[in-house]
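Structure record follows, encoded as structure tokens.
All of the numbers you see were taken from the coordinates with simple rules; none came from a lab. Because the structure is predicted, anything quoted here is derived from the model rather than measured. Cβ placement follows ideal geometry from the backbone for every residue including glycine, while neighbour counts extend to all protein chains displayed.
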2 protein chains.
Amino acid sequence: MAQARHDNLRIDEQRLWSTLMRSAEIGPGNAGGIRRLALSDADKEMRDQFVAWCEASSCTVTIDQGGSIRARYPGTEDLPPVQIGSHLDTQVAGGRFDGILGVLAGLEIIRTLSDHGVRTRRPIEVVNWTNEEGARFAPPMGAARVFSGEHNINWLHGLLDDDGLSFKDELERIGYLGEAPAGNRPIDAYFELHIEQGPELEAADTHLGIVVGGYTAYGLTVKFLGTTAHSGPTPMERRSNALVGAAKFIDAVNDIGWQHAPIGKSSATRLVVWPNKPGILPSEAEVSVDMRHIDPAVTEQMRISAHQALSETTKQAQVGFEVVSDWTFGDVAFDADLTTLVRDTAGDLGVSAMDMHSQAGHDAYCVSEVAPAILLFSPCVKGISHNETEDVVPEDTWPSVNVLLHAVLRRADRE
Amino acid sequence: MAQARHDNLRIDEQRLWSTLMRSAEIGPGNAGGIRRLALSDADKEMRDQFVAWCEASSCTVTIDQGGSIRARYPGTEDLPPVQIGSHLDTQVAGGRFDGILGVLAGLEIIRTLSDHGVRTRRPIEVVNWTNEEGARFAPPMGAARVFSGEHNINWLHGLLDDDGLSFKDELERIGYLGEAPAGNRPIDAYFELHIEQGPELEAADTHLGIVVGGYTAYGLTVKFLGTTAHSGPTPMERRSNALVGAAKFIDAVNDIGWQHAPIGKSSATRLVVWPNKPGILPSEAEVSVDMRHIDPAVTEQMRISAHQALSETTKQAQVGFEVVSDWTFGDVAFDADLTTLVRDTAGDLGVSAMDMHSQAGHDAYCVSEVAPAILLFSPCVKGISHNETEDVVPEDTWPSVNVLLHAVLRRADRE
């Protein structure tokens, strides 16, 4: 077996930790985390650092039209690459590991191979996908959606942030508007390692989650429509307060989550009110909610409940509404061969592993639509993520990175 | 009687209408109303127009340190003036008459006196108070609060808008940072005519409301405190979603209004959420509510109910809270002599009048704390205000302006 050559190879844990902590200095948050929104100055600084690291490890770096970065460690043959990817952007108040671990674990794997002079048949690429979070340019996984062909590059370029700045202009401003195509790129396999962002691995004292499917998520953005009026003299029966409609709906959506707990989740995340001034009843309130369940049939039931709640709450509040947008994801199938490969590799390395379903969307979801892909989870403390206190226990993290190293090696070397 | 000289004097209805319609062109809204926020370019344009009109009618114009404009029509003696005032600023989506009628009716009265060569013993001043609405710089009635001594000028100058621009800088920018003191100004009497902003006069088919007291209002701004977390994997029982706490509270506050309807009112008007992004449970949600009742004891009961709801809803939603600010107003007593004067004047002119309580705050509330003051209402269509469709029936409006003319004449001429 080809991999027998390198069975004792392990990553340099200290180096990977130092690299993660260097990343955490770029766009620091207020409470120990990171604020590194896509295409911000901090994102540029992190990208520059990442590119410098990759080039120092015998990689060739390519920037595509969506700004995604691919660092290629050459193979012995000119074959489609094996990729390791995730994202370096964060939420407004994000953690130090969400996405970042996946990219920098890829870098560490290449550094390890480079240190030991290991070359595989296929090239290995580390990918930083642009704007996975969608915190600045909605929706999330923007660049990966172009890779998969769900959208074209013009769609991505045309996205606007809350200040009306365009994705393309900001990409150009930070110097990452590349020329390579963002989609239609043949790859042999895609591996993504991500912190779980939930509490299951920690609770099970297990070091590796092998994602075998996704929770089905349903998202809905609704605008409630009322009438501006003076908050003093206007009689209650003449009030059509868009914020009251939104509030009743938000409460109902939360109840739907509890009705399907502990597996089901349902929450409102965002509310924009207009004119949003004291003294005036608001005429518009736009709410975004998302609901998820492991069973698509239950998610569908939750979706129906949300729409029933919409009818009832708007009637109670004497307001109108319009559905602005809705979306669904999670009907994802990861590659059977890669799943077996990772499971076997974990067994060979003596790393505890369990199959699980992903509750969050990731770039791997998009890639899986057009190429063999696998999503792996490592534990995170108390399941906290999208929060500056997001944390990992280092010694509980390295096992998954070593499994990733060997699974990638085996895949890249296979005949 | 001094007023006998002018018993047949009436305003020029057509001129007042034209003046109101000229105002409506300055800072036009999207739906037939006005967007003329305090200290905006539109406010400057309106002020310049108002000053030009006043100066063309034999008035001397003074700007004070808070930007309020006083146009003085001289008396035959150097006595404290009789004032007619209100405001020319509007809500974000305001109407054409709210505040504006009071100022431009004052101008029309001076024009009428000037046309007929009428001079009174006391000077008559028309006042445009800066930032009555508070739509750009909270709280409302900012300049009038300095006039009354509730706050000093530095407090007013330090107010910030949502973009962080200061009141003083913006006042200077539009050229209305005057040198005259904003408070401690002796006046003989203050009259304010305002549209009712409620449906009572219209329903009673009455042309003049004589305000004999205010509804007691209680306002509260509360920040709900949760924890940011991923909207996907985080189990319901670990969610501390500030927006859910806010939603439950907004719903409860609305219920309190209904419990005390039709006299009581209670609504949320404003909600600011952070980070307010899809995919992340928000950690902060700041809600402003206001509640009003004609009976201070009932307002107090509503206040207690709101605080009870705050305890209960935050417990249900697993979030914390902090009270950012609260306020009350409405314990207002208008001047008995002025009330009698207006009532008698309406009787003499054959104008239908009724005593009422004001449900909204007005500059007259502040002035009444330091000088004899009276607040008068004229009907508005369907009680709609703080809305671009706010409207009046002209022939139902002129009677109140003529009562104001004669009441001011009598007061200014009195021995």
Pairing rule first: another cysteine's C-beta must sit under 4.7 Å. Under that rule, which cysteines of the protein assembly as shown stay single?
A:C366, A:C380, B:C366, B:C380
Chain B: which residue's Cβ hugs the B-to-A rotation axis most tightly, distance rounded to whole Å?
B:A247, 2
Exposure proxy ranking, count of Cβ atoms within 10 Å, fewest first, for A:S288, B:S378:
A:S288, B:S378
If the cut-off is 20 Å between C-alpha atoms, which lysines fall inside it for A:K223, apart from same-chain ones fewer than 8 positions away?
A:K248, A:K277, A:K315, B:K248, B:K277
Could you tell me the distance between the Cα centroids of the range A:239-279 and the range B:291-360, to the nearest Å?
29 Å
Starting from the Cα gyration tensor of the protein assembly as shown, multiply each eigenvalue by 5, take the square root, and state the resulting semi-axes largest first in whole Å.
67, 26, 20
Given q = 0.15 Å⁻¹, what are the Debye log10 I(q)/I(0) values for the range A:216-328, with equal point scatterers placed on the Cα positions and solvent ignored?
-0.61
Over its alpha-carbon atoms, the range B:99-244 yields an Rg and a Dmax in Å of 22.6, 79
List, shortest first and in nm to one decimal, how far the label point of B:K315 (7 Å from Cα along Cα→Cβ) is from its counterparts in the other copies.
3.2
Considering only DSSP beta bridges whose two residues both sit in chain B, what percent are antiparallel, to the nearest 5?
70 percent
For A:K382, go through the lysines and keep the ones whose alpha-carbon is under 21 Å away, minus same-chain ones fewer than eight residues off.
A:K265
Gain in length, A:S311 to A:S325, computed as 0.36 nm per residue apart minus the alpha-carbon separation, to one decimal in nm?
3.4 nm
Scan the range A:1-86 for GluC sites (Glu not before Pro) in coil per DSSP, keeping those whose Cβ has at most 16 other Cβ atoms within 10 Å, and list them by number.
A:E25, A:E77
Evaluate Rg over Rh across chain B, taking Cα atoms for both radii and Kirkwood's formula for Rh.
1.01
Could you derive backbone 3J(HN,Hα) for the range A:289-303 from the dihedral phi with the Karplus parameters 6.51, -1.76 and 1.60 (θ = phi - 60°), listing whole Hz in sequence and x where the residue is Gly or Pro?
10, 9, 9, 9, 8, 5, 9, x, 5, 6, 4, 4, 5, 5, 4
Residue-count net charge about B:D64 - beta-carbon cut-off 9 Å; Lys, Arg +1, Asp, Glu -1:
+1
In order through the range B:6-23: 3J(HN,Hα) via Karplus (6.51 cos²θ - 1.76 cosθ + 1.60), integer Hz, x for Gly, Pro:
10, 4, 8, 5, 9, 5, 8, 4, 5, 5, 5, 4, 4, 5, 4, 6, 5, 4
Based on DSSP, what percent of beta bridges with both residues in the protein assembly as shown are antiparallel, to the nearest 5?
70 percent
Could you go through the range A:121-136 in sequence order and give the Karplus-derived ³J(HN,Hα) for each residue, using 6.51 cos²θ - 1.76 cosθ + 1.60 with θ = phi - 60°, rounded to whole Hz, and x for Gly and Pro?
4, 8, x, 10, 10, 9, 10, 10, 6, 6, 6, 5, 5, x, 6, 9
Could you put B:L156, A:L20 in order, starting from the residue whose Cβ has the fewest other Cβ atoms within 10 Å?
A:L20, B:L156
